[in-house]
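Shown next, in structure tokens, is the structure this report addresses.
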Amino acid sequence: MKVKLTGFADEIAQELEVQVESLKGLGMSYVEMRGVDGDNLVYHTDEKVKQIKEVLDANGIRLSALGSPLGKIGITDEFEAHFEEFKRAVEISHMMECPNIRMFSFYLPEGCDPAIYEGAVFERIGRFADYAAANGAVLLHENEKGIYGEKAAECKKLMDAFYGDHFKAIFDFANFVQCQQDTQEAYQLLKKYVAYVHVKDAKKVDGSVVPAGYGDGNVGAILKDLLDTGFDGFLSLEPHLFNFAGFADLEKDGKSMMKTDGKILTGLEAFTLAYDSLMRLIIGSV
């Protein structure tokens with residue numbers, strides 16, 4: 001069984017050199033790049049992107065996906081400037097020789113019926129999907145708290161409309177748990193669309209993020225089924241166990257601080273804990 005591991009190394013540190021050395025120390029050769037050297041990868045200049053690519057190439061590390069924030073605006077927010085950001089992300093995906101771009105399906109007004117905004121969501125996602133197909137990009141939709149595709153039913157509608165070579169699903173265990181979506185039900189509904197997995201777990205009681213296998217996400221059982229049925233996508237570590245730079249923008253009310261023996265974990269310690277927890281589940285599923 002060959003498992004492709006990647007992860008958000010900005011949860012270790014913002015500095016590219018530290019990210020690279022840490023990943024190499026864990027024997028990892030892929031990164032899902034989100035924050036690096038002070039900003040999201042998709043907001044860097046051409047010159048900076050080239051420098052990042054050169055450092056990764058020199059160290060034998062490749063991108064598994066661009067961890068973009070695309071689709072993380074309100075559904076009623078102005079869209080055209082955001083679409084230009086999307087086009088820029090596609091340009092950078094070509095520069096990085098990585099077609100995969102993580103994205104979302106727009107924040108909805110709190111407490112509203114998702115059906116009210118379904119037409120607007122589908123129009124915007126349709127434009128993303130058409131542009132991706134015309135320009136060799138692969139959009140990976142992540143289920144995320146507060147967006148249209150927060151729960152499995154809406155994710156399924158998106159997949160029914162847009163799934164194909166250029167639009168696929170990310171399965172995020174913790175995000176489903178935090179919005180009170182049973183992960184086994186979600187998995188059964190979405191399994192044939194899942195091309196990429198974000199590995200973090202959470203507890204139903206308070207939404208706190210914990211290492212894989214320590215929460216209510218059914219991570220071990222679902223990973224076993226995925227691997228047993230020939231899944232060949234990436235398993236991406238997104239620990240959220242440490243208050244890294246940018247955490248507050250990602251997890252508005254999240255709880256990320258973990259302690260061992262009363263000591264708050266560093267970024268690398270938290271990432272390593274997440275790595276070790278995932279490896280135990282993988283070994284146990286063989």
- Task: Any chance you could tell me what percent of the C-alpha pair distances in region 42-164 go past 20 Å?
- Result: 44
- Message: I need to check one value: relative contact order of the chain, counting alpha carbon pairs closer than 8 Å and at least 6 residues apart, in percent.
- Response: 17
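Given C-alpha coordinates of region 170-210, what is the ratio Rg to Rh with the Kirkwood estimate of Rh?
Over the Cα atoms of region 170-210, Rg/Rh equals 0.97.
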- Task: Count neighbours as other Cβ atoms within 10 Å of each site's Cβ, and list the chymotrypsin sites (Phe, Trp or Tyr not before Pro) in region 176-248 that are DSSP loop with at most 16 such neighbours.
- Result: Tyr214
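Would you kindly state how much longer the chain becomes between Lys50 and Glu80 on full extension, computed as 0.36 nm times their sequence separation minus their alpha carbon distance, in nm to one decimal?
Net length gain for the segment: 8.1 nm.
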- Message: Can I get the semi-axes of region 1-66's equivalent ellipsoid? Compute them from the C-alpha gyration tensor as square roots of 5 times the eigenvalues, in angstrom, largest first.
- Response: 19, 12, 11
- Query: For Phe162, what charge total do you get from the other residues with a beta carbon under 10 Å from its beta carbon, if Lys and Arg give +1 and Asp and Glu give -1?
  - Reply: 0
- Distance in nm between Lys191 and Ala134 label points, each 7 Å along Cα→Cβ, equals 3.7
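Run the numbers on region 1-157 and let me know its relative contact order in percent, using alpha-carbon pairs under 8 Å that are six or more apart.
Relative contact order here is 19 percent.
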- Scoring only Lys, Arg, Asp and Glu (+1, +1, -1, -1) among other residues with Cβ under 11 Å from the Cβ of Ile92 yields +1
- Note on the structure: Taking only C-alpha positions in the chain, Rg and Dmax in angstrom work out to 17.7, 53
- In the chain, what percentage of the DSSP-assigned beta bridges are antiparallel, given to the nearest 5? 25
- Task: Pick out the long, greasy-scoring helices in the chain: whole DSSP H runs spanning 20 Å or more along their own axis by Cα, mean Kyte-Doolittle at least 1.0.
- Result: none
- The base-10 log of I(q)/I(0) that the Debye equation returns for region 24-97 at q = 0.13, 0.16, 0.26 Å⁻¹, one scatterer per C-alpha, is -0.42, -0.60, -1.28
- Amide H partners (placed H, <5 Å) of Val138, local residues excluded: Asn100, Ile101
- Please list the non-local residues whose amide H lies under 5 Å from the amide H of His198, H modeled 1.01 Å from N, same-chain partners needing a gap of 5 or more. Phe171, Asp172, Phe173, Ser236
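Which longest run of the chain has no exposed loop site in it, a site being trypsin sites (Lys or Arg not before Pro) in a DSSP loop with at most 16 other beta carbons within 10 Å, and the site itself not part of the run?
So the longest stretch without any such site is 3-203.
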- Item | Mean ellipticity per residue at 222 nm, deg cm²/dmol - from DSSP H runs of n ≥ 4 across the chain, formula -39500 (n - 2.57) | -12000 deg cm²/dmol
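Throughout, read-outs are computed from the coordinates displayed, never taken from laboratory work. Since the model is a prediction, treat every value here as computed from it, not as a measurement. Neighbour counts are summed over all protein chains in view; Cβ atoms, including those assigned to glycine, are modelled from backbone coordinates with ideal geometry.
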